[in-house]
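Novice: My questions will all concern the structure given below.
Just so it is clear, none of the values below were taken in a lab; they were calculated from the coordinates. Being a predicted model, the structure only gives us computed values, none of them experimental. Positions of Cβ are backbone-derived with ideal geometry, glycine not excepted, and every protein chain shown enters the neighbour counts.
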Amino acid sequence: MKFISTVRSFPRAAPPRLAWLGLLAALLFTGAAMPSAFALPASARHRFDIGKDAFLMDGQPFVIRCGEVHAARVPREYWRQRLQMARALGLNTVCAYLFWNQQEPRENEFVWSGQADIAEFCRLAQAEGLWVVLRPGPYACAEWEMGGLPWWLLKHDDIRLRTRDPRFIGAARRYFKEVGRQLASLQVTHGGPILMVQAENEYGFCGTDADYMGDIRQALIDGGFDVPLFACNPVGTLRNGFRPDLFPVVNFGANPDGAFKKLREVLPTGPLMCGEFYPGWFDTWGSPHHLGDTGRYLRDLETMLKMKASFSIYMAHGGTSFGFTPGADRPFKPDTSSYDYDAPISEAGWTTDKFFKTRELFARYLNPGETIPKPPAALPVIAFPATAPAGFAPLLAKLPAAVRSARPLNFEKLDQPYGLVLYRTTIPAGPAAELRADAVNDLGIGYLDGKRIGFLDRRGRTYSLRLAAREKPAVLEILVEAMGRVNFGQEVHDRKGLRGPVRFGQTELQDWEMVSLPLDDKHLGGLAFGPALAQAQPDRLTPGFHRFEVEIQKQGDTFIDLSPFGKGVAWVNGHNLGRYWNIGPQQTMFVPGAWLRPGRNTFVVLDLLATPGTALAGLEKPILDQLRPELDAFAAVKSLPRRRVVGVPVQRGVFPPGGETQEVRFAKPVRARYFMLESLSAHDGRGFATVADLSVTGADARPLNSQRWTVAGVDSEENSGEAAGALNAIDGQTSNYWHSRWQGAQPGHPHWITIDLGREETLGGFIYTPRQGSEKDATGRIKDYQAYAGNALGDPAKP
Ligand code: GLA
């Protein structure tokens, strides 16, 4: 099997083995760089190959000990420090995504400088003795806005992203041409650090079209890439879209033996590589902070090292999703701006316990001649005292001209990538009534004649507002915030804004005005600050920008404490630090010292929920694990109801033990809007139930489109001891799961989860994926079950 490795051989003999070992013993922790084929002298040309059972560097077996670091998530000024940290962790390679939407923020406008200067990042990696595995996309996922895909593609109403849709492929080919222009010369074949390039990302989760993967592969080749091209997938989708000319790697968070056994089914010979090995996980607003299981992480890493398997730690260093770059997990769980990921190298680039344990482990499995340098000096950290606001600029004052249209226009149609849009229309005089939108992507605040009347929330699919009786026509305004386009599944077709029809009583409201509030540099630059806001009142003049002038003696990293504020976005000296939300778990935001200066520094905090007079402080430590659900003003429903499907089961059965996905077909298809899976027992004999993924299939046995799905009911869910809420069962990710409650109360079977499909469908069956991981870890795998399908819901509490 040839993975287009076009590497040329260089006349370079490897020194006798014994000499290396002697030297190694002497120099292991000295940090002095050793001239070896595996350490990366800047100028030398090397030969990298995919051998019969190992990667080969200059003909020698080479284990890739890789870790993921996203240049886009690290201030450019800190790239070298983070790369030195990666080296000191014991890595010999960094893996880097490119995010298309950061390189081509507007159609045909490419940016390769500043934070987007990926070529410089690769050169720095090489200078620091690291190889590079490149993942240019076009799709990345990565909890990044729209998975890295550019929002402007969604201007085409019917575009099919990640398919052979010529509009998609055409744009991707153009993008890869530019990527090649920037990076082809940095391939190992041209003396650079880039060893391999990934085509797409976990495409198997999204489709099975090998020709599409072929198009992506060809676009990379035409872009100038001549190193091995590879494709990554989780264990369960390795065959989807498989091509023998794309080297397969497998992504997993546990159980390397099982995963590699699966990989061998599509890769009988060749080096084994884990493309993503998870030390932690990402956070979403409103769910508990994720901490990885360090013991298992180290055990599994050692297993791979013993097997001489290659791997990439996802994330070695998470960093921060600054600005409007965080995406959202599906169905809709917006990602936090902190991407600490409980990674070995913390968000601020600090060593951690996991860092040192990983380093010690790697030191015992180095390639001949490899050394591990000391970690670089830690960057200075500072704090600053609580500082009162110096000024205020209302968000909804001095508004720019509005765009008019019969129906509400989405952000993409307004040519607006991120931020806010104010939707306005007039409501006739009349009795109290309910207003209902088709959808609000993603959060909305409703005002009637300037008075705040309620919230709209995509997470709970609460799209209605109650309007009081009106003597005369009234002005309705809905301020809609885009909270990051979904980065996974079909849901990446995620157009933002208020989606019509918007019905008021029986009438559809027509004649809308849209005011763009993009929160970009131009918007911020045009703000007119007045005196600080004295007191708040719940009206449209309260959401706004609070300015803070902070004197700083010595430059240093700090963490601003946003917990006293409500919800919005923060900037420092013009840098957009990202979104904050007091529901947590993240309560502070990382502020790079490189973006501060001795003397006066200007912070601007937009607060949509307005808590006037609040002071801003800088802390020396982050707060990433404080949930405050009681503060969630947008969430109409604070915890999921226990609703069940009324009726008799359409199916009873027993799931086999183990983690294999189970497909169940009903005796005959049923028409229903609600589906419920009920556990009567678990394989571990305990009282819990867990589900990694649940999808419902049609009469053709294919999964139904889940875009409208919500969880209509669940008997219980664990949302404090760990982020194991019921929504995890329908987000399409098998690396997280729903767990019935275990902290505090521990209700026993039956446990149930009820899915609202959003409309009546023809159901042919369902697909249940048990909790993944080894037998010991995977509590709650369901044994005896019943499945229900129906059009009515009942609350078990009520008879
Ligand atoms: C997947 C993706 C990554 C990232 C992880 C979760 O495996 O490939 O980009 O989204 O999940 O962090």
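Novice: Amide H to amide H under 5 Å from GLY391: which residues, 5+ apart in sequence or cross-chain, H placed 1.01 Å off N in plane?
Specialist: Placed amide hydrogens put ALA532, ARG547 under 5 Å from GLY391.
Novice: Now for a separate question. How far apart, in nm, are two points set 7 Å out from the Cα along the Cα-to-Cβ line at ASP157 and at ASN791?
Specialist: That separation, rounded to one decimal, is 3.0 nm.
Novice: Relative contact order, percent, of the chain when contacts are C-alpha pairs under 8 Å separated by at least 6 residues?
Specialist: Numbers: 2104 pairs, mean separation 95.3, N = 799.
It rounds to 12 percent for the chain.
Novice: Residues in the stretch 167-189 near a label at ASP222, defined as backbone nitrogen under 18 Å from the 7 Å Cα→Cβ point?
Specialist: Counting only backbone N, you get 167-184.
Novice: Moving to a separate point now. Which one, ILE50, ALA378, SER464, is farthest towards the positive end of the dipole of the chain when Lys and Arg carry +1 and Asp and Glu -1 on their Cβ?
Specialist: ILE50
Novice: Convert each backbone phi in the stretch 585-597 into a coupling constant with the Karplus relation 6.51 cos²θ - 1.76 cosθ + 1.60 (shift: θ = phi - 60°), then list the ³J(HN,Hα) values in order as whole Hz, x for Gly and Pro.
Specialist: 3J(HN,Hα) across the stretch 585-597, in whole Hz: x, 7, 10, 10, 10, 6, 10, x, x, 5, 9, 10, 9.
Novice: Could you tell me which residue out of ALA393, GLY419, LEU409 lies farthest along the dipole of the stretch 311-427 toward its positive end? Charges go on the beta carbon: Lys and Arg +1, Asp and Glu -1, centred on the Cα centre.
Specialist: It is LEU409, whose Cα lies furthest towards the positive end.
Novice: By how many nm would the segment from ARG466 to ARG702 grow when fully extended, if each residue of separation counts as 0.36 nm and the alpha-carbon distance is taken off?
Specialist: Working: separation 236, 0.36 × 236 = 84.96 nm, distance 3.90 nm.
81.1 nm is the gain from fully extending ARG466 to ARG702.
Novice: Separate question: Which of the trypsin sites (Lys or Arg not before Pro) across the stretch 505-593 are loop residues per DSSP, with 12 or fewer other Cβ within 10 Å?
Specialist: Working: sites: LYS522, ARG540, ARG547, LYS554, LYS567, ARG579; in loops: ARG540, LYS554.
Counting only loop positions with at most 12 other Cβ atoms within 10 Å, the trypsin sites (Lys or Arg not before Pro) in the stretch 505-593 are LYS554.
Novice: Related question: Compute the FRET efficiency between ARG503 and ALA615 as 1/(1 + (r/R0)^6), taking r as their Cβ-Cβ distance and R0 = 35 Å, and round to the nearest 0.05. Walk me through the numbers on the way to the answer.
Specialist: On the way: r = 44 Å, r/R0 = 1.25.
With R0 = 35 Å, the Cβ-Cβ based efficiency is 0.20.
Novice: With no solvent and one equal point scatterer placed on each C-alpha of the stretch 301-423, evaluate the Debye formula and give log10 I(q)/I(0) for q = 0.10, 0.15, 0.18, 0.20 Å⁻¹, two decimals.
Specialist: Normalising to I(0) and taking log10 leaves -0.63, -0.96, -1.16, -1.27.
Novice: Stretch ASP539-ASP449 to full length: gain in nm at 0.36 nm per residue minus the Cα-Cα span? Working shown, then result.
Specialist: On the way: separation 90, 0.36 × 90 = 32.40 nm, distance 0.91 nm.
Length gained, ASP539 through ASP449: 31.5 nm.
Novice: Rounded, prolate or oblate: which fits the stretch 311-383 when a ≥ b ≥ c are the square roots of the eigenvalues of the alpha-carbon gyration tensor, with rounded for a/c under 1.5 and prolate only if a/b beats b/c? Walk me through the intermediate numbers first.
Specialist: Numbers: a/c = 3.09, a/b = 1.65, b/c = 1.87.
Oblate shape, in that a/c is at least 1.5 and b/c is the bigger or equal ratio.
Novice: Could you run the Karplus curve 6.51 cos²θ - 1.76 cosθ + 1.60 with θ = phi - 60° over the stretch 230-244 and give me ³J(HN,Hα) per residue in whole Hz, x for Gly and Pro?
Specialist: Values, residue by residue: 9, 9, 10, 8, x, 3, x, 10, 4, 7, 5, x, 5, 9, x Hz.
Novice: For the stretch 556-663, what are the per-bin percents of Cα-Cα distances with bins 10 Å wide, up to the bin holding the maximum?
Specialist: Once binned at 10 Å, the Cα pair distances of the stretch 556-663 give 12, 33, 19, 12, 13, 9, 2, 0.
Novice: Could I get the Rg over Rh figure for the stretch 124-268? Both from C-alpha atoms, Rh via Kirkwood, rounded to two places.
Specialist: Details: Rg = 15.6 Å, Rh = 16.0 Å.
Computed over Cα atoms, the ratio is 0.97.
Novice: When the chain is fully extended, how far beyond the present Cα-Cα distance does ASP257 get from ALA378, taking 0.36 nm per residue of separation?
Specialist: Values: separation 121, 0.36 × 121 = 43.56 nm, distance 3.70 nm.
This chain segment gains 39.9 nm when fully extended.
Novice: Something else about it: What is the stretch 75-133's relative contact order, in percent, from Cα pairs under 8 angstrom and six or more apart in sequence?
Specialist: On the way: 50 pairs, mean separation 29.4, N = 59.
Over the stretch 75-133, the number comes to 50 percent.
Novice: Is the stretch 87-195 rounded, prolate or oblate when judged by the Cα gyration tensor, a ≥ b ≥ c being the square roots of its eigenvalues, rounded requiring a/c under 1.5 and prolate requiring a/b larger than b/c?
Specialist: On the way: a/c = 2.29, a/b = 2.01, b/c = 1.14.
Taking the square roots of the gyration eigenvalues as a ≥ b ≥ c, the stretch 87-195 is prolate.
Novice: May I pose another question? Taking θ as phi - 60°, what are the ³J(HN,Hα) couplings along the stretch 275-288 by the Karplus curve (6.51, -1.76, 1.60), each to the nearest whole Hz, with x for Gly and Pro?
Specialist: x, 8, 10, 8, x, x, 6, 8, 10, 10, 4, x, 10, x
Novice: Another question, then. Of PHE548, TRP512, HIS493, which is farthest along the charge dipole of the stretch 453-550 in the positive direction, counting Lys and Arg as +1 and Asp and Glu as -1 at C-beta?
Specialist: Of the candidates, HIS493 comes out farthest on the positive side.
Novice: Give the dimensionless ratio obtained when the Cα radius of gyration of the chain is divided by 2.2 N^0.38 Å.
Specialist: Numbers: Rg = 26.8 Å, N = 799, 2.2 N^0.38 = 27.9 Å.
Taking the Cα Rg and dividing by 2.2 N^0.38 Å, one obtains 0.96.
Novice: Only helical DSSP H runs with n ≥ 4 go in: add -39500 (n - 2.57) per run for the chain, normalise by residue count and round the 222 nm mean residue ellipticity to 500 deg cm²/dmol.
Specialist: Numbers: 10 runs with 107 residues, N = 799.
After summing the helix terms and dividing by residue count, I get -4000 deg cm²/dmol.
Novice: Okay, moving on. For TRP144, list long-range residues whose amide hydrogen, built 1.01 Å from N in the peptide plane, is under 5 Å from its own amide hydrogen.
Specialist: Excluding prolines and chain starts, which carry no amide H, the hits are GLY327.
Novice: Which peptide among 614-620, 713-719 comes first, and what is the full order, when sorted by highest mean count of other Cβ atoms within 10 Å? Please report the intermediate quantities before stating the final value.
Specialist: Numbers: 614-620: 18.3, 713-719: 22.4.
Descending mean neighbour count gives 713-719, 614-620.
Novice: ASN576: net charge of surrounding residues, Cβ under 12 Å, Lys/Arg +1, Asp/Glu -1, itself excluded?
Specialist: On the way: positive: ARG579; negative: ASP520, ASP521.
The answer is -1.
Novice: Related question: Would you please give the residues with an amide H less than 5 Å from that of PHE247, counting only those at least 5 places away or on a separate chain, with H modeled from the backbone geometry?
Specialist: Amide H to amide H, under 5 Å and 5 or more residues apart or across chains, PHE247 pairs with LEU229, PHE230, ALA231.
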